[in-house]
Amino acid sequence: MKEGKKKKPETSIGESISALGAVFVYLITGLFLAVGFWVVRDKYSVDLISDPSLTLRLLWMIEFPIVVIIFSLFRSNPKKCSYFRAVGRSIVGLISGAIINALGAVSLGAPIGLQSLPKTIHWSFLISVFTVVPATAVFGASWTNWHRVFASLKPTGNIEYMILTPAYGAIIGGWFGAWPMPLDWERPWQEWPICVCYGAIGGYVVGQIVSLSLMIFLRKHKNLKLA
């Protein structure tokens, strides 16, 4: 009687990445974000304070493609999910995440009105690029992976740390960035969503640094355990 061959369990992520590779990814995404600010200032002579709607729109439109291109390479089950399918579900994730972010912002006190609506929409798209798009590109609609990484906080592998910590960093940074808004300082940068956006970008960068630190620490811990 022949013994049945045991199937190797599928890994959750199609490709892995080293800490050095993660640094490279962060440098590229950071460069495109910087290019967005440069285009806004050099080509349109505006910034977040003078024209937040235009600035945010250009930022997310420049940052979104590079995030999708990179994270779609690390999609789950690449044999069943093609690269272009991962790109397609990232677009769905961008829109869905923007809707959720906009509703959340309004429920937490973001101004409602025709003047504020474009700012809220484009801010929501930028936050969606930071938080939802990478996870959608990698996990798709897999509730198990979403719950394990974001709710249970049990990421496995460098890619999942690259998804988790910058996303939480952007959310926490945006939360802290909103604190100065109600203060009676009468500064132009206190208007919605300027300081929230700066806080989210700062938190996103801090989250990237934290994820790199976790990758290095866990690698050393693993090496010590194997020694």
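A compact table of results
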{"item": "Some residue of region 179-189 being modelled with pLDDT under 95 and closer than 21 Å to L58 by Cα", "result": "yes"}
{"item": "Number of the condition not met by L33 [criteria: (1) without any contact (Cβ under 8 Å) to a residue 60 or more places away in the chain; (2) open to solvent by less than 30 Å² (accessible area, probe 1.4 Å); (3) not in a loop (DSSP other than H, G, I, E, B); (4) not small (G, A, S)]", "result": "(1)"}
{"item": "Extreme residue, farthest from P166 (Cα to Cα), among residues of region 44-62 that are open to solvent by 20 Å² or more (accessible area, probe 1.4 Å) and in a loop (DSSP other than H, G, I, E, B)", "result": "S45"}
{"item": "Total residues in region 113-160, condition charged (D, E, K, R) and open to solvent by less than 10 Å² (accessible area, probe 1.4 Å)", "result": "1"}
{"item": "Residues being of a type in the set (A, V, I, L, M, F, W, C), surrounded by fewer than 22 Cβ atoms within 10 Å (Cβ to Cβ) and either in contact with a Pro (Cβ under 9 Å, 6 or more places away or on another chain) or more than 21 Å from W123 (Cα to Cα) (or both) - total across region 70-100", "result": "5"}
{"item": "All positions within region 63-92 that are touching a residue at least 60 places away in the same chain (Cβ under 8 Å), charged (D, E, K, R) and in a helix (DSSP H, G or I)", "result": "E63"}
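The values are calculated or read from the model by the stated rules, or taken from the named source; none is laboratory data. Remember, it's a predicted structure, so these values are computed and weren't measured experimentally. Cβ coordinates were reconstructed from backbone atoms using ideal geometry, including for glycine residues, and neighbour counts include every protein chain displayed. These accessible areas exclude ligands, DNA and RNA; they are computed on the full protein's heavy atoms, side chains included. Shrake-Rupley method; radii C 1.70, N 1.55, O 1.52, S 1.80 Å.
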